[in-house]
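Some notes on the structure that comes next.
The values are calculated or read from the model by the stated rules, or taken from the named source; none is laboratory data. Just so we're clear, the structure is a prediction, and the values are computed from it rather than from any experiment. A quick note on method: Cβ atoms are made from the backbone with ideal geometry, for glycine too, and the neighbour counts reach across all protein chains shown.
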Amino acid sequence: MNRNLHYSMEHLSSDRLAKVELRDLVKRYGDVLAVDHMSLTIEDGSFLVLLGPSGCGKTTTLRMIAGLEKANEGEILIGDTRVNDLHPKDRNVAMVFQNYALYPHMTVYKNLAFPLQNFGHGPVEVHRRIGQAAKLLQIQPLLQRKPTELSGGQMQRVALGRAIVREPQVFLMDEPLSNLDAKLRVHMRAELKKLQRDLGVTTIYVTHDQVEAMTMGDQIAIMNEGVLQQVADPKTIYSHPINQFVAAFVGTPPINLIEGTYAGGGVFDAGEFTYPLPSKLAKAAQGGSTEAIVLAIRPQDVHVGPASQEGDGAIQVQVYTTEPLGDLMILDFAIGDTLVKAVVSPDFEAEVDDRLSLEFPPDKICLFDGKTGLNLT
């Protein structure tokens, strides 16, 4: 795909790009608060991913930007223009839907031409834009086919083409890869990321797939129950989550969350075991709103070794089950009611019921307030 990018670049000049601002945005459906006073800035030319579980408000937010839903409160700005009262066709955005939304009775060419004709473009301009998009996406051989004759990946490219021919200020994408098989999804992630980077069009991309978000977005905005939780680059989201929800939502396998209390004297007490905290973490634990804290560490950061003597800082555990994945292995340990996971090399020798020890590197530990869920570290 990439060798043809120069055909479209000349038509996407920087003066057509725009940042998007959401100011205190609210959307209600009856008594349900779908989006709760959301403020967010998406910079010119950036790729922002709206990430969160189903029902968190991310698609509703995207639809408000597109003009398909009306905000109850707040402002939406595209560039310097307040667009709350503008019709969707006047907002200069192009949306790619989850189901591609192609017209089955039209050829690919006519599907690409339809939005341009609606905007009053003449045949010469329509043909020019379709030709450029078709070269860019390598769909020239498909132009006279109908959607029923296309594979899922081909339909996805056509849906992207229909957005590209608009030459919009903003691309809006609502889970566009979710209907593809796993192998094609991985391939199209890379294609989409490269396409957006080379075209430089501001893009807002909705997904519930955290791997998709981490691999594609310049910035990730995580939502839960209509509330914006954190906005940051993928590395910050992963390494410095603002709260327990973000920490648990991002990462595979999920982060280990061990409930306990700060027992004073630099000791974390999980009931089944105690763990000495270095002074920096002990001070953070003291700053919480309650003695209840949650110790969090990612499975990739847990050190697993042979069973050792009590009192050396290691936690004595028994293997609950093993999960071999080819390039790595996940070991599960039951500590009371908590299942702790550790990622080890595939040739690590461990069997169910083996006695081992775990160590948590202090610089990889997060502590969360047991009441507010906020990161104390």
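Test each condition in (1) assigned to a loop (DSSP other than H, G, I, E, B); (2) under 23 Å from Val201 (Cβ atoms); (3) within 19 Å of the chain's Cα centre (by Cα); (4) of a type in the set (Ser, Thr, Tyr) for Ser54 and report the one that comes out false. Checking Ser54 against (1) assigned to a loop (DSSP other than H, G, I, E, B); (2) under 23 Å from Val201 (Cβ atoms); (3) within 19 Å of the chain's Cα centre (by Cα); (4) of a type in the set (Ser, Thr, Tyr), the one that fails is (2). Selection of segment 222-235 for residues being β-branched (Val, Ile, Thr) and over 13 Å from the mean Cα position of the chain (by Cα) yields only Val227.
State all residues of segment 342-377 that are of a type in the set (Asp, Glu), loosely packed, with under 14 Cβ neighbours inside 10 Å and assigned to a loop (DSSP other than H, G, I, E, B); if no residue qualifies, say none. Selection gives Asp347, Glu349, Glu351, Asp353. One residue stands out among those in segment 90-130 that are over 18 Å from Thr60 (Cα atoms) and charged (D, E, K, R): the one that is nearest to the chain's Cα centre (by Cα), which is Asp90.
Assess whether Leu184 counts as being touching a residue at least 60 places away in the same chain (Cβ under 8 Å) and assigned by TED's automatic domain parsing to the domain that holds Ala18. Against the criterion (touching a residue at least 60 places away in the same chain (Cβ under 8 Å) and assigned by TED's automatic domain parsing to the domain that holds Ala18), Leu184 does not qualify. From the list Gly45, Gly30, Gly57, pick out the single residue that is within 12 Å of Glu225 (Cα to Cα) and not β-branched (Val, Ile, Thr). The conditions single out Gly57.
Answer yes or no as to whether Leu68 is of a type in the set (A, V, I, L, M), modelled with pLDDT of 95 or more and within 21 Å of Ile220 (Cβ to Cβ).
Considered against the rule, which asks whether it is of a type in the set (A, V, I, L, M), modelled with pLDDT of 95 or more and within 21 Å of Ile220 (Cβ to Cβ), Leu68 comes out as no.
If I ask for residues that are surrounded by 15 or more Cβ atoms within 10 Å (Cβ to Cβ), touching a residue at least 24 places away in the same chain (Cβ under 8 Å) and touching a helix residue (DSSP H, G or I) at 6+ places or on another chain (Cβ under 6 Å), which ones from segment 255-280 would you list? Hits for segment 255-280 are Ile255, Tyr262. Exactly one residue out of Val317, Val294, Val343 is at pLDDT below 95 and among the aliphatic types (A, V, I, L, M): that is Val317. Comparison of Pro104, Pro88 shows that the only residue that is in the same structural domain as Leu150 (by TED's automatic domain parsing), at pLDDT below 95 and out of contact with any strand residue (DSSP E or B) (no Cβ under 9 Å at 6 or more places or on another chain) is Pro104.
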